[in-house]
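Visitor: Provided herewith is a single structure, encoded as structure tokens, for subsequent inquiry.
The values are calculated or read from the model by the stated rules, or taken from the named source; none is laboratory data. Since the structure is predicted, the reported quantities are computational estimates derived from the model, not experimental observations. SASA here: full protein model, heavy atoms, side chains in, ligands and nucleic acids out. Shrake-Rupley method; radii C 1.70, N 1.55, O 1.52, S 1.80 Å.
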Amino acid sequence: MEPVMRAALLLSRAKNVVVFTGAGVSAESGLATFRGAGGLWEGHRVEDVATPEAFGRDPLLVWRFYAMRRENAKKAQPNPAHKAIAKLEELFPSLVVVTQNVDGLHQRAGSTRVLELHGSLWRLFCAKCGRTREDHQVPLPQLPPRCGVCGGLERPGVVWFGEPLPEAVLAEAERVSSQADAMLVVGTSGVVWPAAGLVEVAAAWGAAVIEVNPEPSALAYLATVQIPAKAGEALPALTARLLEVQGARA
Ligand code: OAD
């Protein structure tokens, strides 16, 4: 049986569904992934732009990298994969998106429950007093931005290498993963932990794992079904199949 059909059958038996996403889900919106040819980590050294030490050394360099990412993300539009994931909420009212992405495209596509494991490009917080705020202006009026309350340097509200994930977000992601009947794993290489561990949690508690990725990821060993295709093609096809299966049973 073809993998999209197998995945649709697995989903048709599920109630609690988690969609775990990585940069690959936004690739067809024109946003670069991290690893591989043309990836963000090929053009930039992580230690220069995505660590607290880099920010301490050269906040302007770090901000230029994030200003570029904010500009690209603002220009990008949700693609058919983001839209299909948002539409799945109609079939699975408890569906949760757990994303490693910071671009906000799931929310713009209409997903209402999104756990952002690595933070958001659209959140800033003061490195001195900790005040957090949302800011969607592109470009920001001042680089690096400064806190309106204490005058300290503001930093991007994203998780950097060497930093822990937001505790409450990770705990909630672990909870929903452990209760999932099915987990869709879309567009992630699965090499960054603790995020990748959520797929192990879901599998260990009995979820069917459906991987959507043109290349098998490091988590492929956990997959019940692998769909070797682009997310923007596979996810609309999967939703259509699922509706057919449900229609045939009604
Ligand atoms: P990666 O760049 O590591 O992996 C992207 C994955 O997407 C690869 O497995 C590709 O095969 C796949 N892919 C590419 N195009 C695709 C498409 N059209 N449809 C489906 N899949 C596609 O990105 P992540 O796994 O998201 O962390 O990386 C995880 C974390 O590493 C990021 O959140 C970031 C990074 O360092 C932080 O910055 C903390």
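Visitor: Using the heavy atoms of the protein chains and a 1.4 angstrom probe, tell me the accessible area per residue for the chain in square angstrom.
Guide: 46 Å²
Visitor: For segment 198-250 and segment 1-80, what is the separation of their C-alpha centers, rounded to whole Å?
Guide: Result: 19 Å between the Cα centres.
Visitor: Enumerate lysine pairs in segment 1-91 that are 8 or more residues apart or on different chains, then count those whose Cα atoms are under 21 Å apart.
Guide: Here the count comes out as 4.
Visitor: Right, here's the next one. Which aspartates and glutamates have a Cα lying under 14 Å from the Cα of residue 128, excluding residues fewer than 8 positions away in the same chain?
Guide: Qualifying aspartates and glutamates at Cα under 14 Å: 154.
Visitor: State the volume of the convex hull built on the alpha-carbon positions of segment 65-177, expressed per residue in Å³ and rounded to an integer.
Guide: For segment 65-177, the hull spanned by Cα atoms encloses 114 Å³ per residue.
Visitor: Using every Cα-Cα pair within the chain, state what percent have a distance larger than 34 Å.
Guide: That fraction is 18 percent.
Visitor: Express the carbon and sulfur contribution to the solvent-accessible surface of segment 70-224 as a percent, rounded to the nearest whole number, probe 1.4 angstrom.
Guide: About 55 percent, which is the carbon plus sulfur part of the accessible surface.
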